[in-house]
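The values are calculated or read from the model by the stated rules, or taken from the named source; none is laboratory data. This is a predicted model, so every value here is computed, not measured. Cβ coordinates were reconstructed from backbone atoms using ideal geometry, including for glycine residues, and neighbour counts include every protein chain displayed. Note: areas computed on protein heavy atoms with side chains; ligands, DNA, RNA excluded. Shrake-Rupley method; radii C 1.70, N 1.55, O 1.52, S 1.80 Å.
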Amino acid sequence: MGFILLEERECCMEIAWMAVERGHHGRGIGRRLIEEAAGYACRRGKRVLSVKTYGGGDYEPYQKTLSFYKSTGFKLYEIIDNYTGFQGQPAAVLIKPLDCAVLQ
Ligand SMILES: CC(C)(COP(=O)(O)OP(=O)(O)OC[C@H]1O[C@@H](n2cnc3c(N)ncnc32)[C@H](O)[C@@H]1OP(=O)(O)O)[C@@H](O)C(=O)NCCC(=O)NCCS
């Protein structure tokens, strides 16, 4: 029903991609995937989850994605204009500090 793809970086654990099947949206599966990713990150010695998503603010599906990340504890770190990874589109960089004493 859903998946999350993680990339281990020196600073943090980055969410490279995640999605939940359309018919199962809004049932807590995305939140559960974030919780699993947070526990995994802690076990790998990371203290921060990060993610980049479309940051233009003018595309409704990605406003929903941004709302999802914010409601699961991510904060906006910065907007990168002309992000090469998104073919020159803007990217929003979000980070979520992890309380690994609780999560591990
Ligand atoms: C973003 C996505 C993963 C969310 O998954 P989900 O299983 O529907 O999310 P959840 O049901 O766990 O929702 C968790 C919280 O996010 C928020 N949220 C979820 N969908 C939202 C929406 N469409 N609009 C606003 N807030 C939303 C809710 O506030 C919810 O909190 P609540 O449980 O207190 O109501 C899913 O919509 C999706 O796969 N979207 C398409 C792909 C995508 O955008 N992937 C991320 C970029 S890589």
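Points worth noting:
- Sole residue being surrounded by fewer than 18 Cβ atoms within 10 Å (Cβ to Cβ), of a type outside the set (Gly, Ala, Ser) and under 18 Å from Glu14 (Cβ atoms), chosen from Phe86, Phe74: Phe86
- Selection status of Arg32, surrounded by fewer than 18 Cβ atoms within 10 Å (Cβ to Cβ) and assigned to a loop (DSSP other than H, G, I, E, B): no
- If you go through region 89-104 and keep only what is within 14 Å of the ligand (Cβ to nearest atom) and surrounded by fewer than 17 Cβ atoms within 10 Å (Cβ to Cβ), you end up with just Gln89.
- If the condition is being touching a residue at least 24 places away in the same chain (Cβ under 8 Å) and either in contact with a Lys or Arg (Cβ under 6 Å, 6 or more places away or on another chain) or surrounded by 16 or more Cβ atoms within 10 Å (Cβ to Cβ) (or both), then region 49-70 contributes Leu49, Ser50, Val51, Lys52, Thr53, Tyr54, Gly55, Leu66, Phe68, Tyr69.
- Hits in region 1-18 - residues which are under 25 Å from Gly85 (Cα atoms) and loosely packed, with under 15 Cβ neighbours inside 10 Å: Gly2, Phe3, Leu5, Glu7, Glu8, Arg9, Glu10, Cys11, Ala16, Trp17
- The one condition in (1) more than 16 Å from Ile4 (Cα to Cα); (2) open to solvent by 40 Å² or more (accessible area, probe 1.4 Å) that Arg22 fails to fulfil: (1)
- Residues of region 35-48 satisfying the condition of being over 30 Å from Asp81 (Cα atoms), open to solvent by 30 Å² or more (accessible area, probe 1.4 Å) and either part of a helix (DSSP H, G or I) or near the ligand (Cβ under 8 Å from one of its atoms) (or both): Glu36, Tyr40, Arg43
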